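The values are calculated or read from the model by the stated rules, or taken from the named source; none is laboratory data. All values derive from a computational prediction rather than experimental measurement. Please note: Cβ atoms are built from the backbone with ideal geometry, for glycine as well, and neighbour counts cover all protein chains shown.
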Amino acid sequence: MSKKYSEVVTMIAEYDVKFNATSTKSYASGVFVRWRRKDCPDNETELVYSGFGGGSWHEHRGAAAEFVCLPRDPNLTTKFTSSDAYAFMYGAEYDSSDFGHQNGDDLPCVVCRKKTQSSVLMIPGKNSCYSGWTEQYHGYLVAGYYASKAASQYICLDEHPDVLTAGRRNDNGKLIYPVKAVCGALACPPYHNNMHLTCVVCTK
């Protein structure tokens, strides 16, 4: 009886250790796109995939607004060969030499997963994170050209760029430009008219 009791106590202790290990294990994770880079930050992040920026043509009225990070190994389909109504996907290009690239250079990107933090936040107008947040990268706020017909969105370009090889041809497509502040409804100060905005991507 004493031996059985001892075995049960040992078994309970082992289950207790396993339960505590499971309950304290962190499953938090946050996914973000690092624009203008081909690698993830070296701070407990892992690569999901590396690719290149894409989106709709900047002059199409029915264009999708967002930028997307396209993978380098797509799976395509021939199912819709007879379709006469469709959308388009173009590559994303710099259309301003302000970034240190030639007009027409293509935009690299990488999708990263932060293994220990689940919240991801892009802060426009800042180049550092607020207290309690971890910086993934900082850089420059960009969007589509203000007079283009297509809608766009704000994304954050990494300050330290990578380039895509053989991506120099000026084809247009989904175009990016630096973002300037416009005083009026936007308070100046703290903002300043025609000054370009920074950005930072943070996790917590």
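Looking at this structure, is Asp73 within 21 Å of the chain's Cα centre (by Cα), outside any strand (DSSP E or B) and surrounded by fewer than 17 Cβ atoms within 10 Å (Cβ to Cβ)?
Working: within 21 Å of the chain's Cα centre (by Cα): yes; outside any strand (DSSP E or B): yes; surrounded by fewer than 17 Cβ atoms within 10 Å (Cβ to Cβ): yes.
Spelling it out, Asp73 is indeed within 21 Å of the chain's Cα centre (by Cα), outside any strand (DSSP E or B) and surrounded by fewer than 17 Cβ atoms within 10 Å (Cβ to Cβ).
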Considering only residues that are more than 16 Å from Val200 (Cα to Cα) and either at pLDDT below 80 or hydroxyl-bearing (Ser, Thr, Tyr) (or both), which ones fall in the stretch 96-133? Ser96, Ser97, Asp98, Phe99, Gly100, His101, Gln102, Asn103, Gly104, Asp105, Thr116, Ser118
Hey, among the residues in the stretch 182-204 that are in a loop (DSSP other than H, G, I, E, B) and touching a residue at least 40 places away in the same chain (Cβ under 8 Å), which one's surrounded by the most Cβ atoms within 10 Å (Cβ to Cβ)? Leu197
How about the stretch 155-171: which of its residues are more than 14 Å from Gly53 (Cβ to Cβ) and modelled with pLDDT of 70 or more? Glu159, His160
Looking at Ala147, Ala64, can you tell me which residue is more than 18 Å from the chain's Cα centre (by Cα) and either loosely packed, with under 13 Cβ neighbours inside 10 Å or aliphatic (A, V, I, L, M) (or both)? Ala147
